[in-house]
Structures are given as structure tokens and as C-alpha cells.
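Trainee: Quick one: the structure is below, and I'll ask about it shortly.
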Amino acid sequence: MSCTVEPSAGWRYRWFRRTSDTSEVEVRINKDENREITVRQGGIYGCYGVRGNPEICTHSSSEVTVKITFSNKVVVTQKPNSSQMFSGETIILTCEVQGGESTEWTYEWRRSGSVIHSTPSKDWTFNVSESSSGNYTCQCRSRDDWYSSTEWSESIILSVSAAVSSPFSSLILWIIVSVSGIVLVVLLLLLWRCSQSRGLFCFRRSERSSQIEIREYNSPCEGLKFHQF
């Protein structure tokens, strides 16, 4: 990168680098006040000129954003290794930087083109839902240099369907309902038989009581005649 104050000569040049668009902190990056520098970090760069004693300074130059892309390949894997999942299941996505083991990374995840998650861990664990369907890719950024990053990984496709009950659970439910129905029918039959038995017993008892009562009235009264029905 080069910095120039035109048209006059005799200037020394001071460079600075900012680490974010909103930061007001400027870090001088050259000690020799060179007109040209070589940069190896990403960031927002600018310069200004100084000369004389006491020093006279120019206004700062327009800023230039430098982004550095690492050549390391990024690979995404998942557990379970299935493109078709059901809502409520748990998935683990892992982002690996090949050859980048010595660097501390921040991992950014993108679904169908939009960044949706950022984490300092290479593993991302979450429960899927139907809205989780899409293409997932990962990019890694150096933690001490946010403007230096890898390329995005190749995408993996995830499809999530609504949860369905298993055949085994459905069979158990059917057995429980069937047994409950049979037990209810048996209880109703027993109650009906009991009610029938009690009615017959009461009828017979009442009949016998009537006979006894008639006989008691017949025995002491010789002049009266009672007819038994």
C-alpha cells in the first residue's frame, strides 16, 4: 500500500489500522514512516503525512478495507449422518479447518445464504424443526483478526419433516385401547347379570311371603275363606 501527499515533497507517512467499522481506536503500524508498506493482516487502513519540527500533519486519507482469505479448506460434517430428519431430533454440525489447528477460530454458520449462528466452538448442537431445512455452510475467522477468514465450506443439505409416531408406539396404543374396551364390556355384562339375578330373587321372595301370609290368615279364622292368587 502507498500513501502520497501531492504536490509538495518532504513528507513522512504514518499508517494506522482499525479493527472494526465502529471502533475509534487507531493503531500505528509503521515505525519508519514509510510511503509504502506491506500488510499481512486484514482491517481498515489509512494514512496521513507529517513534516517539519514542530510537526505539521495532513488530514487522514480515505480508508481502505483489506480482507485476507486463508487457503485452508473447511469441511462440515454432521451427526447423525442423514439428510432426512424429524422435528425434535438433535443434530451436531462440526466445522473443521484443515491445517489450521494452531489458530483460534470463530465459526460462522450460514443457512441458505444467511448467517444464522456464530460460536467459538467447532461443534454446533441443536434440536431441529421444520424451519431448520436448508443448505448449511461454515466459515472460520481468526479471533485476533476479524478481517482474516477462510472461504465458505461446501454445503450440506438438511431436510426436516414433522415428527411422526413410531409403529411400535401405535401398536401399544391400539392394544391398550382394545383391552380397555373389552374390560368395559365385561363389566357392563356382569352388572346386567347382577341386576337380573337380584330382580328374580326379589320376585321369588315376594311370592313366598304372599303364600305364608295367606296361610297365616287362613289358620285361625275358620269362618273366613281366603283365596290364594
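Trainee: For the stretch 156-163, check the following and say yes or no: at least one residue is among the hydroxyl-bearing types (Ser, Thr, Tyr) and at pLDDT 90 or above.
Mentor: Taking the stretch 156-163 first, the residues among the hydroxyl-bearing types (Ser, Thr, Tyr) are 159, 161.
If we keep only those that are at pLDDT 90 or above as well, we get 159, 161.
Scanning the stretch 156-163 turns up at least one residue that is among the hydroxyl-bearing types (Ser, Thr, Tyr) and at pLDDT 90 or above.
Trainee: Of the residues Trp146, Trp124, only one is closer than 27 Å to Tyr45 by Cβ, part of a strand (DSSP E or B), assigned by TED's automatic domain parsing to the domain that holds Thr103 and out of contact with any Cys (no Cβ under 7 Å at 6 or more places or on another chain); which? Please lay out each step first, then the result.
Mentor: Values: Trp124 fails: closer than 27 Å to Tyr45 by Cβ.
After ruling out the rest, the residue left standing is Trp146.
Trainee: One residue is enough: does the stretch 111-120 have a residue meeting the conditions basic (Lys, Arg) and in a strand (DSSP E or B)?
Mentor: Of the stretch 111-120, the ones basic (Lys, Arg) are 111.
From what's left, in a strand (DSSP E or B): 111.
Yes, the stretch 111-120 has at least one match.
Trainee: Can you report the number of residues in the stretch 117-147 which are over 18 Å from Glu96 (Cβ atoms), among the hydroxyl-bearing types (Ser, Thr, Tyr) and surrounded by 12 or more Cβ atoms within 10 Å (Cβ to Cβ)?
Mentor: 4
Trainee: Identify, please: which residue in the stretch 9-40 is loosely packed, with under 11 Cβ neighbours inside 10 Å and acidic (Asp, Glu) and is, among those, modelled with the highest pLDDT?
Mentor: Asp32
Trainee: For Glu151, indicate whether it is touching a residue at least 40 places away in the same chain (Cβ under 8 Å), exposed (fewer than 14 other Cβ atoms within 10 Å of the Cβ), within 26 Å of Ile44 (Cβ to Cβ) and in contact with a strand residue (DSSP E or B) (Cβ under 9 Å, 6 or more places away or on another chain). It would help to see each step written out before you state the result.
Mentor: Numbers: touching a residue at least 40 places away in the same chain (Cβ under 8 Å): yes; exposed (fewer than 14 other Cβ atoms within 10 Å of the Cβ): no; within 26 Å of Ile44 (Cβ to Cβ): yes; in contact with a strand residue (DSSP E or B) (Cβ under 9 Å, 6 or more places away or on another chain): yes.
Answer is no for this residue.
Trainee: Which one of these does Ile44 not meet: (1) touching a residue at least 12 places away in the same chain (Cβ under 8 Å); (2) touching a strand residue (DSSP E or B) at 6+ places or on another chain (Cβ under 9 Å); (3) closer than 26 Å to Ser142 by Cβ; (4) surrounded by fewer than 17 Cβ atoms within 10 Å (Cβ to Cβ)?
Mentor: (4)
Trainee: With the structure loaded, tell me whether Lys73 is loosely packed, with under 13 Cβ neighbours inside 10 Å, basic (Lys, Arg) and modelled with pLDDT of 85 or more or whether it fails that test. Break it down stepwise before answering.
Mentor: Working: loosely packed, with under 13 Cβ neighbours inside 10 Å: no; basic (Lys, Arg): yes; modelled with pLDDT of 85 or more: yes.
Criteria not met by Lys73.
Trainee: Which one of these does His117 not meet: (1) free of Cβ contacts under 8 Å to residues at least 12 places away in the same chain; (2) at positive phi?
Mentor: Every listed condition holds for His117 apart from (2).
Trainee: Name, by its number, the condition in (1) loosely packed, with under 12 Cβ neighbours inside 10 Å; (2) polar (S, T, N, Q); (3) touching a Gly at 6+ places or on another chain (Cβ under 9 Å) that does not hold for Ser61.
Mentor: (1)
The values are calculated or read from the model by the stated rules, or taken from the named source; none is laboratory data. All values derive from a computational prediction rather than experimental measurement. Positions of Cβ are generated from backbone atoms using ideal geometry, with glycine treated the same way; all protein chains shown enter the neighbour counts.
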